[in-house]
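These notes concern the structure reproduced below.
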Amino acid sequence: MIVLKPFTAADFQQLIDWIDTEELLTSWSGSLFSFPLTIDSMQWYVQDTNIPGESDAFVFKAVESVTGETVGHISLGGISWKNKSSRISRVFVNSAFQGRGIGKQMINAALKIGFEELGLHRIALGVYENNKAALNCYLQCGLKIEGISKDILWYKDAYLSMVDMAIMEDEWKALQV
């Protein structure tokens, strides 16, 4: 079972060690960070986060509840308190734990926090079209495809499109029965 805990500066090095190629960095953050990921480049990332009602972002590490081992990373950001909406981003599962349903547990945990603890109405995310495993995971968690932002990222001499997905609070609650 996965528990989400605040991601802090103490967790930077582990994430840097995991994201050791430009391809992984691009998949994780698009063009938000430059390769290689550094401690200095991550300082702003956790500033003013994880304050309910104030912050526009909650940044988490995913921890295996039995062993206490950190297995991934996820962010619930772009929060609009007025519109009760947010966006899941920067989802990453350590390669040693892929294929075990960790991503699905992380998404479900983030949705639970967003809907139950933060009182959100809508949670969205975007996934690059070439990330079929993530797309399948998000569909299994109940997110629905809302559209495609074509050719949004130039990477390795080609454009990638973004699949835009979302789930509403009532849709999520119906899945909890």
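Would it be correct to say that SER161 is surrounded by fewer than 21 Cβ atoms within 10 Å (Cβ to Cβ), polar (S, T, N, Q), in contact with a Phe, Trp or Tyr (Cβ under 8 Å, 6 or more places away or on another chain) and farther than 23 Å from PHE58 by Cβ? Steps first, please.
Numbers: surrounded by fewer than 21 Cβ atoms within 10 Å (Cβ to Cβ): yes; polar (S, T, N, Q): yes; in contact with a Phe, Trp or Tyr (Cβ under 8 Å, 6 or more places away or on another chain): yes; farther than 23 Å from PHE58 by Cβ: yes.
It is true that SER161 is surrounded by fewer than 21 Cβ atoms within 10 Å (Cβ to Cβ), polar (S, T, N, Q), in contact with a Phe, Trp or Tyr (Cβ under 8 Å, 6 or more places away or on another chain) and farther than 23 Å from PHE58 by Cβ.
Any idea which residue in the stretch 84-102 is surrounded by the fewest Cβ atoms within 10 Å (Cβ to Cβ), counting only those that are under 16 Å from the mean Cα position of the chain (by Cα) and on the phi > 0 side of the Ramachandran plot?
Checking each candidate, the answer is GLY101.
Out of the stretch 14-55, which residues are of a type outside the set (A, V, I, L, M) and under 14 Å from the mean Cα position of the chain (by Cα)? Step through it out loud before you land on a result.
If we filter the stretch 14-55 for residues that are of a type outside the set (A, V, I, L, M), which is where we start, we get 14, 17-18, 20-23, 26-31, 33-36, 38, 40-41, 43-45, 47-50, 52-55.
Result: THR26, SER27, TRP28, SER29, GLY30, TYR45.
Given (1) at pLDDT 95 or above; (2) surrounded by fewer than 13 Cβ atoms within 10 Å (Cβ to Cβ), where does ALA124 come up short, assuming only one miss?
Every condition holds for ALA124 apart from (2).
Return only the number of the condition from (1) part of a loop (DSSP other than H, G, I, E, B); (2) in contact (Cβ under 8 Å) with a residue 60 or more places away in the chain; (3) surrounded by 17 or more Cβ atoms within 10 Å (Cβ to Cβ) that LEU37 does not satisfy.
Here LEU37 clears every test but (2).
From the list VAL63, VAL71, VAL59, which one is under 30 Å from TRP154 (Cβ atoms), within 15 Å of the chain's Cα centre (by Cα), surrounded by 14 or more Cβ atoms within 10 Å (Cβ to Cβ) and β-branched (Val, Ile, Thr)?
Answer to the check: VAL59.
When the residues of the stretch 40-57 are narrowed to those that are in contact (Cβ under 8 Å) with a residue 12 or more places away in the chain and among the hydrophobic types (A, V, I, L, M, F, W, C), which ends up farthest from LEU160 (Cα to Cα)?
Keep residues of the stretch 40-57 that are in contact (Cβ under 8 Å) with a residue 12 or more places away in the chain, which gives 42-43, 45-46, 49-50, 52-53, 55-57.
Imposing the further condition that a residue be among the hydrophobic types (A, V, I, L, M, F, W, C) reduces the set to 42, 46, 57.
Numbers: MET42: 25, VAL46: 28, ALA57: 26 Å.
Checking each candidate, the answer is VAL46.
Taking into account only those residues within the stretch 111-165 that are of a type in the set (Phe, Trp, Tyr) and touching a residue at least 60 places away in the same chain (Cβ under 8 Å), which is farthest from PHE35 (Cα to Cα)?
Of the residues in the stretch 111-165, the ones of a type in the set (Phe, Trp, Tyr) are 115, 128, 138, 154-155, 159.
Then keep just the ones that are touching a residue at least 60 places away in the same chain (Cβ under 8 Å); that gives 128, 155.
Details: TYR128: 18, TYR155: 13 Å.
Top of the filtered list is TYR128.
Has the stretch 7-16 got any residue that is surrounded by 15 or more Cβ atoms within 10 Å (Cβ to Cβ), aliphatic (A, V, I, L, M), outside any loop (DSSP other than H, G, I, E, B) and in contact with a Ser or Thr (Cβ under 8 Å, 6 or more places away or on another chain)?
Kept after step one, since they are surrounded by 15 or more Cβ atoms within 10 Å (Cβ to Cβ), are these residues of the stretch 7-16: 7, 11-12, 15-16.
Within this subset, residues satisfying the condition of being aliphatic (A, V, I, L, M) are 15-16.
Now narrow it down to the ones that are outside any loop (DSSP other than H, G, I, E, B): 15-16.
Add one more test, that the residue is in contact with a Ser or Thr (Cβ under 8 Å, 6 or more places away or on another chain), and what stays is 16.
Within the stretch 7-16, one or more residues are surrounded by 15 or more Cβ atoms within 10 Å (Cβ to Cβ), aliphatic (A, V, I, L, M), outside any loop (DSSP other than H, G, I, E, B) and in contact with a Ser or Thr (Cβ under 8 Å, 6 or more places away or on another chain).
Given ILE152, ILE123, which one is among the β-branched types (Val, Ile, Thr) and under 17 Å from GLY77 (Cα atoms)? Step through it out loud before you land on a result.
Details: ILE152 fails: under 17 Å from GLY77 (Cα atoms).
Result of the check over ILE152, ILE123: ILE123.
Mind checking which pairs have a first residue in the stretch 77-93 that is over 14 Å from ALA166 (Cα atoms) and without any contact (Cβ under 8 Å) to a residue 40 or more places away in the chain and a second that is of a type in the set (Lys, Arg) and surrounded by fewer than 20 Cβ atoms within 10 Å (Cβ to Cβ), Cβ under 9 Å, 6 or more apart or different chains?
That search, which allows pairs on different chains as well, returns ASN83/ARG122; VAL93/ARG100.
The values are calculated or read from the model by the stated rules, or taken from the named source; none is laboratory data. On a predicted model such as this, the values are computed, not experimentally measured, just so you know. Neighbour counts run over all protein chains shown; Cβ positions are idealised from the backbone, glycine included.
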